[in-house]
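What follows is a short report on a single structure.
The values are calculated or read from the model by the stated rules, or taken from the named source; none is laboratory data. Quantities reported herein were computed from a predicted structural model and do not represent experimental measurements. Neighbour counts run over all protein chains shown; Cβ positions are idealised from the backbone, glycine included.
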Amino acid sequence: MHIVLVHAHVKPDAISTFEAATEDNARQSRLEPGIVRFDVLQQRDDPTRFVLVEVYRDVEAAVAHKATAHYLTWRDAVATFMAERRVGVVYANITPDDRGW
């Protein structure tokens with residue numbers, strides 16, 4: 001597994017537009033064969049902060065995701081919505097479930 005948590009801080013006036021673009025990207029991303037899970041979380045006490053939880057089967061799937069048309073469209077669409085630069089942090093799953101992940 002290759003797990004990436006992407007932290008995004010969005011400008012207050014761009015929240016709804018960011019949500020719509022990100023929901024579309026997530027929906028299309030879940031169709032990719034290399035993606036196990038793709039969730040979008042919004043912080044309850046600060047709605048300008050989001051975390052994208054991206055779980056890939058391997059590093060190659062993460063690389064392939066960044067070459068998809070829907071990712072590139074999303075990346076370009078949300079660039080001006082950011083209050084600060086997005087940060088992706090890579091994690092390893094140390095507690096596999098019954099499927100071996």
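Things worth noting here:
- Residues of the stretch 57-68 that are surrounded by fewer than 18 Cβ atoms within 10 Å (Cβ to Cβ) and free of Cβ contacts under 8 Å to residues at least 40 places away in the same chain: E60, V63, A64, K66, A67.
- Filtered by the rule that a residue be surrounded by 13 or more Cβ atoms within 10 Å (Cβ to Cβ), in a helix (DSSP H, G or I) and among the hydrophobic types (A, V, I, L, M, F, W, C), the stretch 74-83 gives W74, A77, V78, F81.
- All positions within the stretch 35-56 that are of a type outside the set (F, W, Y) and either modelled with pLDDT under 95 or more than 13 Å from I3 (Cβ to Cβ) (or both): V40, L41, Q42, Q43, R44, D45, D46, P47, T48, R49
Table: residues versus (1) free of Cβ contacts under 8 Å to residues at least 60 places away in the same chain; (2) exposed (fewer than 11 other Cβ atoms within 10 Å of the Cβ); (3) aromatic (F, W, Y); (4) part of a helix (DSSP H, G or I).
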| residue | (1), (2), (3), (4) |
| --- | --- |
| E23 | yes, no, no, yes |
| V36 | no, no, no, no |
| V55 | yes, no, no, no |
| L72 | yes, no, no, yes |
| R85 | yes, yes, no, no |
| N93 | no, no, no, no |
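- The stretch 44-81, residues that are of a type outside the set (G, A, S), farther than 11 Å from A21 by Cα and more than 14 Å from the chain's Cα centre (by Cα): R44, D45, D46, P47, T48, R57, D58, V59, E60, T80
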